[in-house]
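Below is one structure, written out as structure tokens; the observations come after it.
The values are calculated or read from the model by the stated rules, or taken from the named source; none is laboratory data. Because the structure is predicted, anything quoted here is derived from the model rather than measured. Cβ: placed from backbone, ideal geometry, glycine included. Neighbour counts: every protein chain shown.
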Amino acid sequence: MHTFPDAKTVARALKPDEPVILNRPHAAKRAAEFFVGKFPGKVLYAVKANPAPDLIEVLWDAGVTHYDTASIAEVRLVRGVLPDATLCFMHPIKTPSAIREAYFKHGVKTFSLDSIEELEKIVEACRNPETGEPAQDLRLCVRIRVSSEYSELSLASKFGCDLLEAPELLQQARQHCDWLGICFHVGSQAMTPFAFVQALDRTRAAIAEASVVIDMIDVGGGFPSIYPGMEPPPLEDYFAIIHQHFYALPIAYNAELWCEPGRALCAEYSSMIVKVEKRRGSELYINDGAYGALYDAAHVAWRFPANALEDDLRDGLEDFAFYGPTCDDADYMAGPFPLPADIQAGDYIEIGMLGAYGAAMKTGFNGFGDAECVIVTDEPMLSLFNGTRVREDSDNVVSLR
Ligand SMILES: *Cc1c(COP(=O)(O)O)cnc(C)c1O
């Protein structure tokens, strides 16, 4: 991969007709070091946010040793890149063959589940094929359902057992493993640490009802990044409040605390250069969109930062919407994206904060989707980790006891 100082240099040097993904390994390294250094427990990277092998290597070098994988393809991918990493299979619905391959071939011991059926599936799939003996080293993790009300993207409806089912499932799971955890996901881009408070309160209720020994609490992902109009409180506040409520749980004295950030570790890793193909009033037709790295901009009206890369444009900004390259009306991004008022066909734009659920979403639909990748060394367009964000007084600030 070629290295350039910044997006402007790339646009000038390559004059690209296709989108170009700009990767910033230094930004991913900084985010990983922040989490590994400051989160009061173990940090797993949720691979689905961006499975790029180069990124996974950067995270490993920065101290991330555990990986949350959700499919057998992700298990194989991470195992191929990192032979020594600890892989956890955290999708609550898996096929028996995926469980078997993960356990016997890739050394996966940790599996999540949210039903008795899944528990039985895991136990069966991991039996010794010759002796029929059940596995002795399973580490099971019961996913409970929690509210997504404080998050921008819900993960509340699909997975997780409810509080009525949890005690029975915890008791059953306990009989098949020496190490039992509880996990949940508060939804992605949780804009206040209280998202984790309500989830840990539910966890407490489930443990009290089940009366089983719990060896691990996994607070999942949901840690925010920063986007226009979405400036979260400092991540230290999330860590402090999680730590405080974790300590108050009725769990084993040596119980572990885990988290599984996806977005927060890799949002700053990538941006993208797109080309304006045509202008129609305040709408710009660009060469990436709903089926590309701008999936969230189209489907959930996510606002990403955008900068024009030409020097000759006037200062005055105007709000623009984008159309992507495919032939359907759904390939539309409302924004608004403030850009110079005289931007026109042929100009280039850098769109930032696409490292999480951006670069990873690109498809080849309608023949579009090619993109070159290069490395750039400048700062991401926005950052939670560059030292410019100072702790402000807010309702969300908590202090450790
Ligand atoms: C998607 C996902 C994550 C990562 O979520 P972010 O909001 O990106 O931090 C973590 N854990 C599980 C089980 C997930 O499905």
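Structure above, values below:
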read-out: Qualifying residue in segment 36-52 (condition: under 30 Å from Ala306 (Cα atoms) and more than 16 Å from the ligand (Cβ to nearest atom)); value: no
read-out: Entirely in segment 235-353, the strands (runs of 3 or more DSSP E) that have 3 or more residues that are closer than 27 Å to Asp54 by Cβ; value: 270-280, 348-351
read-out: Neighbours by Cβ (under 6 Å, 6+ apart or cross-chain): first from segment 173-196, more than 13 Å from the ligand (Cβ to nearest atom); second assigned to a helix (DSSP H, G or I) and charged (D, E, K, R); value: Leu180/Arg174; Pro193/Asp237
read-out: Per-region count, segment 61-86, residues in a strand (DSSP E or B) and out of contact with any His (no Cβ under 6 Å at 6 or more places or on another chain); value: 4
read-out: Condition broken by Gly292, with the remaining ones in (1) surrounded by fewer than 16 Cβ atoms within 10 Å (Cβ to Cβ); (2) over 30 Å from Met216 (Cβ atoms) satisfied; value: (1)
read-out: Pick from segment 302-338, criterion of a type in the set (Asp, Glu) and surrounded by fewer than 19 Cβ atoms within 10 Å (Cβ to Cβ), ranking: farthest from the chain's Cα centre (by Cα); value: Asp312
read-out: For Leu265: the one exception among (1) within 15 Å of the chain's Cα centre (by Cα); (2) more than 16 Å from the ligand (Cβ to nearest atom); (3) not β-branched (Val, Ile, Thr); value: (2)
read-out: Subset tally (residues that are closer than 18 Å to Ala345 by Cα and of a type in the set (S, T, N, Q)) for segment 1-17; value: 0
read-out: Matching option when the condition is charged (D, E, K, R) and at pLDDT below 95, among Asp315, Asp319, Asp347; value: Asp315
read-out: Sole residue being aliphatic (A, V, I, L, M), more than 23 Å from Phe39 (Cα to Cα) and in a loop (DSSP other than H, G, I, E, B), chosen from Ile122, Ile93, Ile99; value: Ile93
read-out: Filtered residues of segment 53-72 (kept if of a type in the set (Gly, Ala, Ser), at negative phi and more than 15 Å from the ligand (Cβ to nearest atom)); value: Ala62
read-out: Spans of strands (runs of 3 or more DSSP E) in segment 140-215 with at least 1 residues at pLDDT below 95 and surrounded by fewer than 21 Cβ atoms within 10 Å (Cβ to Cβ); value: 151-153
